Amino acid sequence: MGETSYMAQELNSQPETWREAARIGAAKGPLPKAGERVAVVGCGTSWFMAQSYAALREGAGQGVTDPFAASEAFLGTDRAYDAVVAITRSGTTTEVLRVLDAVKGRIPTVTILGDPETPAVEVSDETLALPFADEKSVVQTRFATTALTLLRAHLGEDVSRAVGDAQEALAAPVEQEWVEAEQFSFLGTGWTFGLANEAALKMREASQSWTESYPAMEYRHGPIAIAAPGRVTWLFGPAPEGLEDDVARTGARFVRHARDPLADLVLVQRVALARARARGLDPDNPRSLTRSVMLDAAAAS
Ligand code: F1P
């Protein structure tokens, strides 16, 4: 545990893995071209990266991009997708493999994965392997953010500021108030909503914390009732008008940083790790979780 945990080592390596991903993303590769209609699928963390990518791609005017949890993907012929992008660190997640298998021969697929020696390779038309970002910790940190960095670079974004901000986020103080807070609500708009979902999941997985996540403009439509002293509302990206004041009135702590939102997720990963440590939990082996959900293997055993 502690600094020697895989989670700590892996999350600390993010600036380097992002740099490498930026190089790969900027090169011409098998990812969808501008104008193509794309469905992007994943489970858990990978689904949330799919959400962020979809919002970024559509926002950049590069074409319709729909994110789906792999188990809830609508990929019927009436939707006329030109490509399916799958994101999976393990390459073994059952629901992702099922989607890839179901569309085989009908819609071209490209899978971004951590481990290239896995069934996802067989079932995908194309793959983009990021073995340098694969992880030993069950809790994903660098694979997810590295995959998203690659996708940002592929969309034409200059990610050098994000890399610098990640370095800074690794050195920023983790406030004791965040380690002790009773509850966190994470908020985002556009592509940062996926980051909010991922921040909330990270905190649950690594530290069994009570967390929620919402599109920022949805927060006032009910969820703000949870905000109270001793709780934190953490916003990624631009702040909707008046939201900070509305949260302040509840007595909850409002957190928003100017750094690149993906780099701010790195700080949340560190908060999750600090909360795990404070509770005596092993962040590499969270309760009830495995590196990947393999339903067929579970059924066979
Ligand atoms: C997806 C995933 C993880 C989650 C858990 C189970 O894995 O849902 O995000 O933390 O460990 O698997 P993958 O398809 O990206 O390998």
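Grab the other residues whose beta carbon is less than 14 angstrom from that of Glu180, score K and R as +1, D and E as -1, and report the net.
Numbers: positive: Arg231, Arg253, Arg275, Arg277, Arg279; negative: Glu175, Glu177, Glu182.
Result for the local shell: +2.
For a quick check of understanding: with a 1.4 angstrom probe and all protein chains in place, what accessible area in square angstrom does Glu157 have, to the nearest ten?
70
At 222 nm, what helix-only mean residue ellipticity would the chain give, in deg cm²/dmol to the nearest 500, using -39500 (n - 2.57) for each DSSP H run of four or more?
Values: 12 runs with 129 residues, N = 301.
The per-residue figure over the chain is -13000 deg cm²/dmol.
Compute the acute angle (0 to 90°) between the alpha-carbon long axis of helix 191-207 and the principal axis of greatest extent of the alpha-carbon atoms of the chain; round to the nearest 10°.
With both axes taken from Cα atoms, the answer is about 70 degrees.
What is the extension gain from Asp296 to Glu175, computed as 0.36 nm multiplied by their sequence separation minus the C-alpha to C-alpha distance, in nm to one decimal?
Full extension from Asp296 to Glu175 adds 39.3 nm.
Could you tell me the extents of the range 151-225's C-alpha atoms along the three principal axes, largest first, rounded to whole Å?
Cα extents, longest axis first: 39, 29, 20 Å.
Please work out how much accessible surface Glu95 shows to a 1.4 Å probe, ignoring ligands, DNA and RNA, in Å² rounded to 10.
Accessible surface of Glu95 is approximately 40 Å².
With +1 on each Lys and Arg Cβ and -1 on each Asp and Glu Cβ, and nothing else charged, work out how big the dipole of the chain is about its Cα centre, in Debye to the nearest 20.
Numbers: 29 positive and 40 negative charges, 15 e Å.
Taking the Cα centre of the chain as origin, the dipole is about 80 debye.
Would you mind telling me which residue in Ala120, Ala258, Ala169 has the biggest mean-square fluctuation in a Gaussian network model of the chain, where springs connect alpha carbons within a distance under 10 angstrom?
For the chain, modelled as a Gaussian network with Cα springs under 10 Å, the answer is Ala258.
Given charges of +1 on the Cβ of Lys and Arg and -1 on the Cβ of Asp and Glu, with all other atoms neutral, how large is the dipole of the range 158-216 about its Cα centre, in debye to the nearest 20?
Value, rounded to 20: 200 debye.
Can you pull the percent of the range 213-301's accessible area that's carbon plus sulfur, 1.4 Å probe, other chains left in place?
53
Hey, can you find the accessible area per residue of the chain for me, probe 1.4 Å, expressed in square angstrom?
Numbers: 12350 Å² over 301 residues.
With all protein chains present, the chain gives 41 Å² per residue.
Return the whole-Å distance between the Cα centroid of the range 105-170 and the Cα centroid of the range 258-301.
Taking the Cα centre of each part, the range 105-170 and the range 258-301 sit 17 Å apart.
Just subtract the alpha-carbon distance of Ser160 and Ala228 from 0.36 nm times their residue separation and send over the number in nm, one decimal.
On the way: separation 68, 0.36 × 68 = 24.48 nm, distance 3.71 nm.
Stretched out fully, the Ser160 to Ala228 stretch lengthens by 20.8 nm.
Say the dipole of the range 160-278 comes from +1 at the beta carbon of Lys and Arg and -1 at that of Asp and Glu; which of Leu267, Gly194, Ile226 then lies farthest toward its positive end?
Leu267
Apply 1/(1 + (r/R0)^6) to the Cβ-Cβ distance of Tyr6 and Leu75, taking R0 = 45 Å, and write down the FRET efficiency to the nearest 0.05.
Values: r = 35 Å, r/R0 = 0.77.
Working from the Cβ atoms, E equals 0.85.
Pop out the carbon and sulfur fraction of the accessible area of the range 33-82 as a percent, whole number, probe 1.4 Å. Provide the component values of the computation, followed by the final result.
Details: 1060 of 2090 Å².
Its accessible area is 51 percent carbon and sulfur atoms.
Could you check which residue among Arg57, Arg79, Arg98 shows the biggest mean-square fluctuation in a GNM of the chain with a 10 Å Cα cutoff?
Arg79
Kindly sort Arg23, Arg231 by accessible area of their heavy atoms, largest first, with the probe set to 1.4 Å.
Details: Arg23 150, Arg231 45 Å².
Descending accessible area places them as Arg23, Arg231.
Largest first, how would Ser288, Ser71, Ser46 line up by accessible area (1.4 Å probe)? Intermediate results must be reported in sequence, preceding the final value.
Values: Ser288 115, Ser71 75, Ser46 5 Å².
From most exposed to least exposed: Ser288, Ser71, Ser46.
In debye, nearest 20: dipole of the range 108-265 around its Cα centre with unit charges on the Cβ of K, R (+) and D, E (-)? Could you put the intermediate results ahead of the total?
Values: 12 positive and 25 negative charges, 81 e Å.
Dipole about the Cα centre, nearest 20: 400 debye.
The values are calculated or read from the model by the stated rules, or taken from the named source; none is laboratory data. In this text, all values refer to a predicted model and were calculated from it rather than measured experimentally. Here the Cβ is made from the backbone with ideal geometry for all residues, glycine too, and neighbour counts use every protein chain on show. Protein only, heavy atoms only, side chains kept; ligands, DNA and RNA dropped before computing areas. Shrake-Rupley method; radii C 1.70, N 1.55, O 1.52, S 1.80 Å.
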